[in-house]
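Heads up, the thing below is written out as structure tokens.
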Amino acid sequence: MKAVRLVEIHQPLQMQEIPIPTLGADEVLVRVHAAGICHSDVHYRGGKSPVRPLPMTLGHEIAGVVEQVGAQVSRVKVGERVCLHYLLSCGDCLPCSSGSEQFCVQGSMLGHYSNGGYAEYIAVPERNAVHLPDEIPFEQGAILMCSSATSFHALRKARLKAGESVAVFGVGGLGISAIQLARAFGSLDVYAVDINPNKLRLAESYGAIAVNAGAGDAVEQLRQLTHGRGVDVALELIGLSKTMRQAVQCLGMMGRAVIAGISDQPLEIDTYRELLGKEAEVIGTNDHLLQELPLLIELARRGKLDLSQAVTRTVPLEAQAINQVLDDLEHFGAEVRTVICP
């Protein structure tokens with residue numbers, strides 16, 4: 001089968017012919033119909049987050065149709081539409097049994113430590129294949145598995161309560177979902193912070209209040225919009241030291257800044273004025289949980305989470321096209337989400 005793979009760090013991905021995966025007894029073979037291109041893939045290609053072993057097929061946002069099942073598979077059926085939970089876990093260790101499989105002692109991740117979805121087929125354990133309702137297109141089902149799920153988990157980590165205000169830094173794939181999910185969680189005011197006017201207009205179409213960081217200091221704008229109070233929750237989805245710092249600085253009393261953007265840059269905090277004096281919190285968030293996906297998918301099925309404008313482009317399973325998207329993402333110039341449709 002065809003697969004677009006990371007062969008060497010700091011080098012373009014390459015198309016390779018590799019064998020179709022063979023199935024274990026508890027695994028399912030999925031024909032990939034859609035694979036999202038995530039900003040994390042830029043970090044993998046650039047070495048910010050090491051990938052092993054190489055070569056590796058990237059792609060952790062995946063949806064498709066089950067083509068074959070292993071002998072012990074009982075829940076998933078051939079022909080079923082599925083999206084794939086990207087965390088591969090044992091299910092038995094202490095983190096798994098306590099509902100935190102992202103810390104599984106034997107854990108792996110599709111497209112990072114195990115071959116992912118930039119390919120025609122992928123094999124995963126049965127538990128990782130989540131039913132995708134007919135109402136949700138494959139392209140949207142794919143991005144639900146990372147950009148939406150990561151935002152969902154981040155808002156849960158933030159302990160967002162009805163009536164609170166939220167600032168979302170970065171109106172990309174994660175940001176569009178975060179804006180809608182914050183409103184679904186009961187936030188009255190959601191502020192979208194970006195420098196791209198097109199993305200800010202899209203955010204406004206989902207009910208957000210646009211904050212153009214290219215037109216002035218984002219923290220000061222948020223202070224003015226909140227009448228000096230600051231926001232209750234700030235989500236940093238970009239991964240820049242400047243925006244991470246702004247997410248902390250814009251908090252009000254007892255505010256929570258949740259950092260999701262991957263970065264190799266340090267976060268500097270004035271601990272007295274920005275944390276202690278406000279009793280504010282800085283919270284790290286990583287991945288999401290299998291148990292969160294059914295509700296997330298149901299929100300999308302019911303239209304509470306609308307991803308129809310989040311997928312702004314599709315490309316074929318070709319190395320040149322995928323590398324171009326990664327180049328654009330590296331310079332923050334890409335559209336909201338590009339999806340590979342093999």
Of the residues in segment 95-133 that are touching a strand residue (DSSP E or B) at 6+ places or on another chain (Cβ under 7 Å) and among the charged types (D, E, K, R), the one that is surrounded by the most Cβ atoms within 10 Å (Cβ to Cβ) is GLU101
Could you check segment 1-26 and list, in sequence order, the residues that are in contact (Cβ under 8 Å) with a residue 60 or more places away in the chain and either in a loop (DSSP other than H, G, I, E, B) or small (Gly, Ala, Ser) (or both)? MET1, ALA3, PRO12, LEU13, ILE18, ILE20, PRO21, THR22, LEU23, GLY24, ASP26
Any chance you could count how many residues in segment 295-342 are more than 17 Å from ILE143 (Cβ to Cβ) and within 17 Å of the chain's Cα centre (by Cα)? 2
Checking ARG31 against (1) over 28 Å from VAL69 (Cβ atoms); (2) of a type in the set (Lys, Arg); (3) touching a strand residue (DSSP E or B) at 6+ places or on another chain (Cβ under 8 Å), which single condition isn't satisfied? (1)
Any residue at all in segment 272-280 that's within 30 Å of VAL42 (Cα to Cα) and out of contact with any Cys (no Cβ under 9 Å at 6 or more places or on another chain)? no
I need the strands (runs of 3 or more DSSP E) fully contained in segment 123-208, keeping only those with at least 1 residues that are farther than 14 Å from LEU235 by Cα and either touching a Leu at 6+ places or on another chain (Cβ under 8 Å) or not hydrophobic (A, V, I, L, M, F, W, C) (or both). 129-131
What are the residues in segment 15-40 that are closer than 30 Å to SER263 by Cα and surrounded by fewer than 16 Cβ atoms within 10 Å (Cβ to Cβ), if any? MET15, GLN16
Exactly one of LEU307, LEU299, LEU290 is surrounded by 16 or more Cβ atoms within 10 Å (Cβ to Cβ) and touching a His at 6+ places or on another chain (Cβ under 6 Å), and that one is LEU290
Residue selected from segment 59-101 under the condition among the β-branched types (Val, Ile, Thr) and touching a residue at least 60 places away in the same chain (Cβ under 8 Å), by the criterion nearest to ILE20 (Cα to Cα): VAL66
Kindly list, by first and then second residue, each pair from a residue in segment 157-180 that is crowded, with 22+ Cβ neighbours inside 10 Å to a residue that is of a type in the set (Lys, Arg) and modelled with pLDDT of 95 or more, limited to pairs with Cβ atoms under 7 Å and residues at least 6 apart or on different chains. ALA158/ARG256
Test PRO50 against the stated conditions and say whether it is of a type outside the set (Val, Ile, Thr), surrounded by fewer than 20 Cβ atoms within 10 Å (Cβ to Cβ), touching a Phe, Trp or Tyr at 6+ places or on another chain (Cβ under 9 Å) and part of a loop (DSSP other than H, G, I, E, B). yes
If you take the residues of segment 81-92 that are surrounded by 16 or more Cβ atoms within 10 Å (Cβ to Cβ) and not basic (Lys, Arg), which of them is nearest to HIS131 (Cα to Cα)? VAL82
Go over the candidates LEU295, LEU289, LEU305, LEU329 one by one and state the one that is outside the structural domain of ALA34 (by TED's automatic domain parsing), within 23 Å of GLN180 (Cβ to Cβ), modelled with pLDDT under 95 and not charged (D, E, K, R). LEU289
Only one of (1) surrounded by 21 or more Cβ atoms within 10 Å (Cβ to Cβ); (2) of a type in the set (A, V, I, L, M); (3) within 16 Å of ILE179 (Cβ to Cβ); (4) over 21 Å from the mean Cα position of the chain (by Cα) does not apply to VAL258, and that is (4)
Sole exception among (1) at pLDDT 95 or above; (2) among the β-branched types (Val, Ile, Thr); (3) out of contact with any helix residue (DSSP H, G or I) (no Cβ under 6 Å at 6 or more places or on another chain); (4) assigned to a loop (DSSP other than H, G, I, E, B) for VAL73, by number: (3)
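The values are calculated or read from the model by the stated rules, or taken from the named source; none is laboratory data. For clarity, every value in this text was computed on a predicted model and none was experimentally measured. Heads up, the Cβs are rebuilt from the backbone with ideal geometry, glycines too, and the neighbour counts pull from every protein chain shown.
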